[in-house]
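Shown next, in structure tokens, is the structure this report addresses.
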Amino acid sequence: MTTHQLFQPFELKSLRLKNRIVMAPMTRSFSPDGVPTSQVADYYARRAQGEVGLIISEGTVVNRPSSSYDAGIPHFYGEKALHGWKDVIDRVHALGGVMAPQLWHVGVVAPGTSGWLPPTPFEGPSGYVAPGKPGGVAMTENDIDETIQAFAQAAADAKTLGFDAIEIHGAHGYLIDQFFWHPTNQRTNGYGGETLVKRVRFAAELIRAVRKVVGPDFPISLRISQWKLQDYSAKLAATPQEMRAWLAPLADAGVDLFHCSQRRFWEPEFDGSDLNFAGWAKKLTGKSTITVGSIGLSGDFLAAFQGEHSIPCRLDELMRRFDRGDFDLVAVGRPLLSDSEWARKIHEGRSSELVGFSKEALATLI
Ligand SMILES: Cc1cc2nc3c(=O)[nH]c(=O)nc-3n(C[C@H](O)[C@H](O)[C@H](O)COP(=O)(O)O)c2cc1C
């Protein structure tokens, strides 16, 4: 097995990557009062130095009173936080890295373990945190308009600060995904409805607004998932036709890159083909895609949160799919959280030096 193919450059609009390895977005909560510190900048700079092609930041929240559920999650608004992010991107660029912030609104969620609560109730399409479980308020049309503007402002600020692209967090059962998912979107006013096509409207309007402010050449990635933190087995699209109905309007609205979140990248998305989620998204939309989920590790990340230690494993199956052209980029989470040198070690064939992941790695910014 060879992995040198992962070290070929990639271009997408104004984005130029030296290789195909992406650092997956990972919430770390080390930004007191939402302001990224110099330790956060050092953490990302180490990944730039370690040959990561594209660094996607941890989820960083847009300017809405209840967009966050923890005081340590970074903001992507306000002078101090944006100053912190400017330091991050300057450090990353100085080391030859390329980076996109992941713009996020948590929607209606259960309060975090710290007990911290935002100043206003959590907001979402219908106020549900999970099927039949209230946990916040239903957004008015004015709330929706302001939220779309908050994402557009954050995207404009990302470009002004010098970031190379942006990613919008549309996955895992958070705000945008709560609009996609029928159990959490019971609206009847045009942002909801029985079909996925109707429930895509919020995301499509949001992406159009972002595209308008960043211009035609600035890459927009959208992270999506079938699974939800509220239900690991949920599927928004049960067939390729439904997946096309979900993704085509988003591609039309301006998405350049679909970041297709799976827990295990090798799992086929539909019966009758071994294509995974990223493979199908590329085939159905013609857009570039990123795959992710337990690349180079023995166990998935939710098992890891429950204390399972994951050990390094081979990349043969990843390379088989990559060589077939199923996806363009590969995102790696926990291996890069534990080891800033992961990409370089793969490049140099130093597989005996790879480290696994255990949740103790979350305690500090290594
Ligand atoms: C500590 C931690 C925090 C995460 N935070 C985010 C996040 O902010 N946004 C997001 O889209 N995914 C988040 N994820 C999911 C990862 O981006 C990734 O999809 C997942 O870890 C699977 O990749 P892996 O098996 O390589 O770790 C997080 C995962 C971990 C381990």
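The values are calculated or read from the model by the stated rules, or taken from the named source; none is laboratory data. Not measured: the values here are computed from a predicted model. All Cβ positions, glycine included, derive from the backbone under ideal geometry; neighbour counts span all protein chains shown.
Remark: pairs (first residue in the stretch 295-306, touching a residue at least 24 places away in the same chain (Cβ under 8 Å); second residue near the ligand (Cβ under 7 Å from one of its atoms) and among the β-branched types (Val, Ile, Thr); Cβ separation under 7 Å; 6+ apart in sequence or on different chains) = Ile295/Val332; Gly296/Val332. Scanning the stretch 286-314 for residues that are closer than 20 Å to Ile56 by Cβ and either at pLDDT 90 or above or more than 8 Å from the ligand (Cβ to nearest atom) (or both) turns up Lys287, Ser288, Thr289, Ile290, Thr291, Val292, Gly293, Ser294, Ile295, Gly296, Leu297, Leu302. Within the set Tyr191, Tyr174, the sole residue that is of a type in the set (Ser, Thr, Tyr), within 16 Å of Val61 (Cβ to Cβ) and either out of contact with any strand residue (DSSP E or B) (no Cβ under 9 Å at 6 or more places or on another chain) or buried (at least 21 other Cβ atoms within 10 Å of the Cβ) (or both) turns out to be Tyr174. Scanning the stretch 1-28 for residues that are basic (Lys, Arg) and within 13 Å of the ligand (Cβ to nearest atom) returns a single hit, Arg28.
One residue stands out among those in the stretch 315-352 that are of a type in the set (Gly, Ala, Ser) and either under 24 Å from Val98 (Cα atoms) or within 22 Å of the chain's Cα centre (by Cα) (or both): the one that is nearest to the ligand (Cβ to nearest atom), which is Gly333. Checking the condition in contact with a helix residue (DSSP H, G or I) (Cβ under 8 Å, 6 or more places away or on another chain) and of a type in the set (Gly, Ala, Ser), which residue from Ala281, Ala303 passes? When all the criteria are applied, what remains is Ala281. In the stretch 102-113, how many residues are out of contact with any strand residue (DSSP E or B) (no Cβ under 8 Å at 6 or more places or on another chain) and at pLDDT 95 or above? Residues in the stretch 102-113 being out of contact with any strand residue (DSSP E or B) (no Cβ under 8 Å at 6 or more places or on another chain) and at pLDDT 95 or above: 0 in total.
Residues are listed down the side, and each one gets a yes or a no for (1) in contact with a strand residue (DSSP E or B) (Cβ under 6 Å, 6 or more places away or on another chain); (2) without any contact (Cβ under 8 Å) to a residue 60 or more places away in the chain; (3) under 27 Å from Leu12 (Cβ atoms):
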{"site": "Tyr69", "(1), (2), (3)": "no, yes, no"}
{"site": "Leu82", "(1), (2), (3)": "no, no, yes"}
{"site": "Asp87", "(1), (2), (3)": "no, yes, yes"}
{"site": "Ala100", "(1), (2), (3)": "yes, no, yes"}
{"site": "Gly115", "(1), (2), (3)": "no, yes, no"}
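A search for C-beta distances below 9 Å between a residue of the stretch 259-272 that is under 20 Å from Asp231 (Cβ atoms) and any residue that is of a type in the set (S, T, N, Q) and exposed (fewer than 13 other Cβ atoms within 10 Å of the Cβ), counting only pairs 6+ apart in sequence or on different chains, returns Phe270/Thr239. Kindly establish whether Ser38 is among the polar types (S, T, N, Q), under 23 Å from Val214 (Cβ atoms) and in contact (Cβ under 8 Å) with a residue 12 or more places away in the chain. Taking the combined requirement at face value, the residue does not satisfy it.
Checked against the criterion of being surrounded by fewer than 24 Cβ atoms within 10 Å (Cβ to Cβ), aliphatic (A, V, I, L, M) and more than 20 Å from Tyr77 (Cβ to Cβ), the candidates Val98, Val109 yield just one match: Val98. Just a yes or no: is a residue in the stretch 29-40 surrounded by 19 or more Cβ atoms within 10 Å (Cβ to Cβ), within 16 Å of the ligand (Cβ to nearest atom), in a strand (DSSP E or B) and among the polar types (S, T, N, Q)? Taking every residue of the stretch 29-40 in turn, none turns out to be surrounded by 19 or more Cβ atoms within 10 Å (Cβ to Cβ), within 16 Å of the ligand (Cβ to nearest atom), in a strand (DSSP E or B) and among the polar types (S, T, N, Q). Here the condition is being crowded, with 19+ Cβ neighbours inside 10 Å, free of Cβ contacts under 8 Å to residues at least 60 places away in the same chain and among the aliphatic types (A, V, I, L, M); of Leu318, Leu354, Leu337, it holds for Leu318 alone.
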